[in-house]
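The values are calculated or read from the model by the stated rules, or taken from the named source; none is laboratory data. Source: prediction; values computed, not measured. Heads up, the Cβs are rebuilt from the backbone with ideal geometry, glycines too, and the neighbour counts pull from every protein chain shown. Areas reflect the complete protein model, heavy atoms only, side chains present, ligands, DNA and RNA absent. Shrake-Rupley method; radii C 1.70, N 1.55, O 1.52, S 1.80 Å.
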Amino acid sequence: MTKILIVDDHQLFREGVKRILDFEDSFEVVGEGDDGSEVAELYRRFEPDVVLMDINMPGMNGVEATEKVKNEFPDAKIIILSIHDDESYVSHALKSGALGYMLKEMDADAIVQAIKVVAAGGSYLHPKVTRNLVAEYRRLSEREHKGYFHQNDIRRPLHLLTRRECEVLQLLTDGQSNRTIGETLFISEKTVKNHVSSILQKMSVNDRTQAVVTAIKNGWVEVK
């Protein structure tokens, strides 16, 4: 059973997320809060496996609260919830120790998947956020190479992945969700999940974000 703590100052949002999680037999919402300053105490009281926390709250925001909790409980697994997809928000959240960053426009499947990944020790970013981080990576690469960022050859890792897995990896880099990838490739969402799992295993990475970053560094995907 994965114990979950939800911290958000909007009660209706908390109730909506809780209803989604109640459909998962392996999830249990053990506590709720509405102020970042109380998260450490709530964590101490409920000992959750995963914390879902809003980035904008009165008293103490989610990034500050994450830093406070991580200082006291280094193994805490926190997912930040936000309406902001700007790279600077994501960077601050990850630097504070958060293992996940989800946009509040997420669908039910995405939040369930994020919790499962983070609970297992991985990290999870909303696909739209991943796309923005890729754009930032390209911007930094352009600066590093004094304005010249050439990707003459895409070296598909056919020694490692199947052609279909290469296609899925490219679409992950484009920031597409499992559902969108399935629609693009005319395959089921379950098949997409199987491909993603295979990609992670073959690349020896823990999550989608690491797979994308590794693929970019090796020139295996096109950075658009």
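Of the residues LEU185, LEU200, which is free of Cβ contacts under 8 Å to residues at least 40 places away in the same chain and either at positive phi or over 16 Å from the mean Cα position of the chain (by Cα) (or both)?
Details: LEU200 fails: either at positive phi or over 16 Å from the mean Cα position of the chain (by Cα) (or both).
Going through LEU185, LEU200 in turn, the sole match is LEU185.
Taking the conditions exactly as written (modelled with pLDDT of 85 or more and of a type in the set (D, E, K, R)), does GLU136 satisfy them or not?
Values: modelled with pLDDT of 85 or more: no; of a type in the set (D, E, K, R): yes.
Considered against the rule, which asks whether it is modelled with pLDDT of 85 or more and of a type in the set (D, E, K, R), GLU136 comes out as no.
If I ask for residues that are touching a residue at least 24 places away in the same chain (Cβ under 8 Å), aliphatic (A, V, I, L, M) and open to solvent by 30 Å² or more (accessible area, probe 1.4 Å), which ones from the range 155-182 would you list?
LEU160
Looking at the range 85-97 only, could you name the residues that are in contact with a Ser or Thr (Cβ under 9 Å, 6 or more places away or on another chain) and free of Cβ contacts under 8 Å to residues at least 40 places away in the same chain? Walk me through how you get there before you give the answer.
Start the filter on the range 85-97 by keeping residues that are in contact with a Ser or Thr (Cβ under 9 Å, 6 or more places away or on another chain), which leaves 89-90, 93-94, 96-97.
Answer for the range 85-97, where residues must be in contact with a Ser or Thr (Cβ under 9 Å, 6 or more places away or on another chain) and free of Cβ contacts under 8 Å to residues at least 40 places away in the same chain: TYR89, ALA93, LEU94, SER96, GLY97.
With the structure loaded, tell me whether ILE79 is in contact (Cβ under 8 Å) with a residue 60 or more places away in the chain and open to solvent by less than 50 Å² (accessible area, probe 1.4 Å) or whether it fails that test.
Working: in contact (Cβ under 8 Å) with a residue 60 or more places away in the chain: no; open to solvent by less than 50 Å² (accessible area, probe 1.4 Å): yes.
Answer is no for this residue.
Find the residue count for the range 98-116, including only residues that are part of a loop (DSSP other than H, G, I, E, B) and open to solvent by less than 20 Å² (accessible area, probe 1.4 Å).
Looking only at the range 98-116, we keep the residues that are part of a loop (DSSP other than H, G, I, E, B), and these are 98-99, 104-107.
If we keep only those that are open to solvent by less than 20 Å² (accessible area, probe 1.4 Å) too, we end up with 98.
Number satisfying all stated conditions: 1.
Just need a number here: residues in the range 1-58 that are over 28 Å from SER88 (Cβ atoms), surrounded by fewer than 17 Cβ atoms within 10 Å (Cβ to Cβ) and of a type in the set (S, T, N, Q).
2
Name the single residue, out of those in the range 154-189 being modelled with pLDDT of 90 or more and among the small types (Gly, Ala, Ser), that is farthest from TYR124 (Cα to Cα).
SER188
Please specify each residue of the range 73-128 satisfying the condition of being modelled with pLDDT under 85 and farther than 22 Å from ASP174 by Cα.
Scanning the range 73-128 gives HIS92, LYS95.
Could you check, for the range 206-221, whether at least one of its residues is at pLDDT below 85, open to solvent by less than 60 Å² (accessible area, probe 1.4 Å) and touching a strand residue (DSSP E or B) at 6+ places or on another chain (Cβ under 7 Å)?
yes
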